Each structure stands twice: as structure tokens, then as C-alpha cells.
Amino acid sequence: MAKSMAKTIYVLNGPNLNLLGTREPHIYGHSSLKDVEKLCRKAAETHGLAVEFRQSNHEGAIVDWIQEAGAGKAVGIVFNPGGLTHTSVSCHDAIKGIGVPTIECHISNIHAREPWRNHSYISFAAKAVICGFGIQGYALAIDGLVALTAAKSKP
Ligand code: CA2
């Protein structure tokens, strides 16, 4: 059955997040991206929402998906841009160009790591940012997105 975009949260993951759980467990933990997907579906279900869960190693594909979420008027986007966090003007511009809120989400605390990870192009366009909670941050971002949008829809 087709999912209504008005009831769908996009969860987008950038480059190399497909490798989650295979290396650097001291930074990113032992869970896989499949585990993250299950966590997101569970969190969204508690709000009666569906999840469109995607990962790509290609910046252009992610820009297309951000535009798709905007065009379809999805509830919002939870976005872990991976390394694109620190480089991507195009993802920043795509988020600015849509009318749905984006929550930037990082597994690690990017402010407690290498200095070049402290800067995010995405944060300038995001409604909110969460980092350092491990993969639980995705569920917290979904809850936060729902709280923000519910607040907005109140009279
Ligand atoms: O903490 C995060 O979620 C990051 O967005 C993850 C990115 C990193 O470039 C950002 O600075 C912070 C890295 C994603 C790649 O993750 C891997 C996990 C396991 C093995 C290899 C890569």
C-alpha cells in the first residue's frame, strides 16, 4: 500500500554509513545500518508514522532525496550526512530549498573530535542538531521532529 508522505519521515544517511558496525566501534558502536533502520521504524511507529530509510555514497543522490522529501511534503528529514557534513554546500542548499524541517543527526560527538569535524555546512540549514548519543540519536531525532511539527500544527 502506498504510504502517505504526510505520514512519512525520511531518514537519510550519507557516505560510508553502510559500513557502520564493521570498523571503528569505539567511535560508532557495534550496530549496523540495518539496526539503525529497525530503531527508526520502531520510533516512528510509536507516533503512527512511516520511515523512508536510505543511504548513499553519492552526494547527488542525497540532494535528489532531499528534494523528493520536500516535493512530497514529508513530515521532515532526519539526516546523517556522514563526511558530507563538513563539505557539502549542495546538501545545505537542498535543505534550504525545501519547506520541511531537517534534523541533523550524528552518532558521534563531532565537537569532541578532530577540529575539522567541528564545522558543519548542514547545521546552517537544519532546524536542530543532535550528536553524541550513538545510534539512539536517530530515535531522539525522530521524537524531536515530531515534537516540533506537532507544536507547529497547534492552533
Ligand atoms: O558521527 C557521525 O554520525 C558522523 O556523521 C559519521 C561520519 C563522519 O564523517 C562524521 O564526521 C560524523 C562517518 C561515517 C562513516 O562511518 C563509518 C563507520 C564504520 C566504519 C567506517 C565508517
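At-a-glance table
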quantity: Complete set of residues in the stretch 1-21 that are surrounded by 17 or more Cβ atoms within 10 Å (Cβ to Cβ), more than 8 Å from the ligand (Cβ to nearest atom) and farther than 11 Å from L33 by Cβ; calculated: M5, T8, I9, Y10, L12
quantity: Given (1) more than 9 Å from the ligand (Cβ to nearest atom); (2) surrounded by fewer than 13 Cβ atoms within 10 Å (Cβ to Cβ), index of the condition E24 fails; calculated: (1)
quantity: Residue check, V100 assigned to a strand (DSSP E or B) and at pLDDT 95 or above; calculated: no
quantity: Residue list for the stretch 81-99, restricted to those being within 10 Å of the ligand (Cβ to nearest atom) and open to solvent by 10 Å² or more (accessible area, probe 1.4 Å); calculated: G82, G83, L84, H86, T87
quantity: Residue within the stretch 114-127 that is away from the ligand (no atom under 14 Å from the Cβ) and either within 21 Å of K42 (Cβ to Cβ) or of a type in the set (A, V, I, L, M, F, W, C) (or both) present; calculated: yes
quantity: Filter pass, V78 being β-branched (V, I, T), in contact with a Lys or Arg (Cβ under 7 Å, 6 or more places away or on another chain) and at pLDDT 95 or above; calculated: no
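Residue-wise test of (1) away from the ligand (no atom under 16 Å from the Cβ); (2) outside any helix (DSSP H, G or I).
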| site | (1), (2) |
| --- | --- |
| C40 | no, no |
| A43 | yes, no |
| G48 | yes, yes |
| V63 | yes, no |
| A147 | yes, no |
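The values are calculated or read from the model by the stated rules, or taken from the named source; none is laboratory data. This structure is a prediction, so every number in the text was calculated from the model and none was measured. Every residue, glycine as well, gets a Cβ built from its backbone with ideal geometry; the counts of neighbours run over all protein chains shown. Accessible surface is based on the protein model in full, side chains and every heavy atom, while ligands, DNA and RNA are left aside. Shrake-Rupley method; radii C 1.70, N 1.55, O 1.52, S 1.80 Å.
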